[in-house]
Amino acid sequence: MHENLINTLVIIPARGGSKRIIEKNVKVINGHPMILWPLYTLSKLFYAEHILVSTDSQKIKSLVESKGLKVPFKRPKSLSDDYTGIVEVTKHALNWYEQNIRKVEFVLTVYPTAL
């Protein structure tokens, strides 16, 4: 694996409270819940421990963990509303990872709707 990939944390921000498409991250698209599509691709490039799903949803957490990835924390409600930007969510996940796992050089944020 290339050194840059080893030094990269992939963050997937997957909020449970979508307003326009209710529970969009777990909607089945072509046979699989939407959030699993980017996870399938990312798991071919990165080790599982380098992929971090940030969610406030127990349903999303359980689904992701059923596929072998860990979701070690639930995102606080203060970062799960309609007004919280992706920068704040990414910073929160990065800070948690670097305080609890290890430091990284790069961060890649991938939306769960990215097929």
### Summary
Of the residues in segment 1-50, those that are within 19 Å of Val71 (Cα to Cα), open to solvent by 70 Å² or more (accessible area, probe 1.4 Å) and in contact with a helix residue (DSSP H, G or I) (Cβ under 9 Å, 6 or more places away or on another chain) number 3
### Query
How many residues, within segment 37-54, are among the polar types (S, T, N, Q) and either free of Cβ contacts under 8 Å to residues at least 40 places away in the same chain or over 13 Å from Thr109 (Cα atoms) (or both)?
2
### Cβ pairs under 7 Å, 6+ apart, first in segment 83-99 and in contact (Cβ under 8 Å) with a residue 60 or more places away in the chain, second surrounded by fewer than 17 Cβ atoms within 10 Å (Cβ to Cβ) and aromatic (Phe, Trp, Tyr)
none
### Message
Six or more apart or on different chains, Cβ atoms under 8 Å: show the pairs whose first residue is in segment 102-113 and more than 12 Å from Leu42 (Cβ to Cβ) and whose second is assigned to a loop (DSSP other than H, G, I, E, B).
### Response
Val104/Asn7; Glu105/Asn7; Phe106/Asn7; Thr113/Met34
### Query
Which ones in segment 35-86 are over 13 Å from Gly17 (Cβ atoms), among the aromatic types (Phe, Trp, Tyr) and in a loop (DSSP other than H, G, I, E, B)?
Phe46, Tyr47, Phe73
### Message
Can you tell me how many residues within segment 1-33 are closer than 23 Å to Tyr83 by Cβ, part of a loop (DSSP other than H, G, I, E, B) and of a type in the set (A, V, I, L, M)?
### Response
3
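The values are calculated or read from the model by the stated rules, or taken from the named source; none is laboratory data. If you're wondering where the values come from, they're calculated on a predicted model, not measured in any experiment. All Cβ positions, even for glycine, are placed from backbone atoms using ideal geometry, and neighbour counts span all protein chains on display. Keep in mind that these areas ignore ligands, DNA and RNA; they rest on the heavy atoms of the full protein, side chains included. Shrake-Rupley method; radii C 1.70, N 1.55, O 1.52, S 1.80 Å.
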